[in-house]
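Data first, discussion second: the structure below is written as structure tokens.
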Amino acid sequence: MDTLLILIPVALVASLLALVAFLWSLRSGQYEDLDGAASRILFDDEKPKR
């Protein structure tokens, strides 16, 4: 029973940190262009230098 008194607050703090990290990633724009990176790898826009 004593273990639950320690593990429940630890789980709450860990889930709060995960939520803060998720909200930070949403605000920083990491999920705005999901298809851009996949299509950029297929097209080579740079011309080779001679």
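Listing for the model above:
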{"read-out": "Potential extension, residue 2-residue 32 segment - 0.36 nm per residue separation minus Cα distance", "value": "6.4 nm"}
{"read-out": "The chain - percent of accessible surface contributed by carbon and sulfur, probe 1.4 Å", "value": "66 percent"}
{"read-out": "Average accessible surface area per residue within the chain, 1.4 Å rolling probe, Å²", "value": "106 Å²"}
{"read-out": "MRE, 222 nm, helices only [DSSP H, n ≥ 4, -39500 (n - 2.57), over the chain, to nearest 500]", "value": "-20500 deg cm²/dmol"}
{"read-out": "Solvent-accessible surface ranking, highest first, for 25, 39 at 1.4 angstrom", "value": "39, 25"}
{"read-out": "Spherically averaged projected area in nm², based on the convex hull that wraps the Cα atoms of the chain", "value": "6.4 nm²"}
{"read-out": "Inter-label distance, nm, simple model (7 Å from Cα along the C-beta direction), residue 44/residue 25", "value": "3.2 nm"}
{"read-out": "Principal-axis tilt of helix 2-27 within the chain, Cα atoms, nearest 10 degrees", "value": "30 degrees"}
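The values are calculated or read from the model by the stated rules, or taken from the named source; none is laboratory data. Because the structure is predicted, anything quoted here is derived from the model rather than measured. Methodologically, a virtual Cβ is constructed for each residue, glycine included, from the backbone with ideal geometry; neighbour enumeration extends over all protein chains shown. Calculation scope for accessible area: heavy atoms of the full protein, side chains included, ligands and nucleic acids excluded. Shrake-Rupley method; radii C 1.70, N 1.55, O 1.52, S 1.80 Å.
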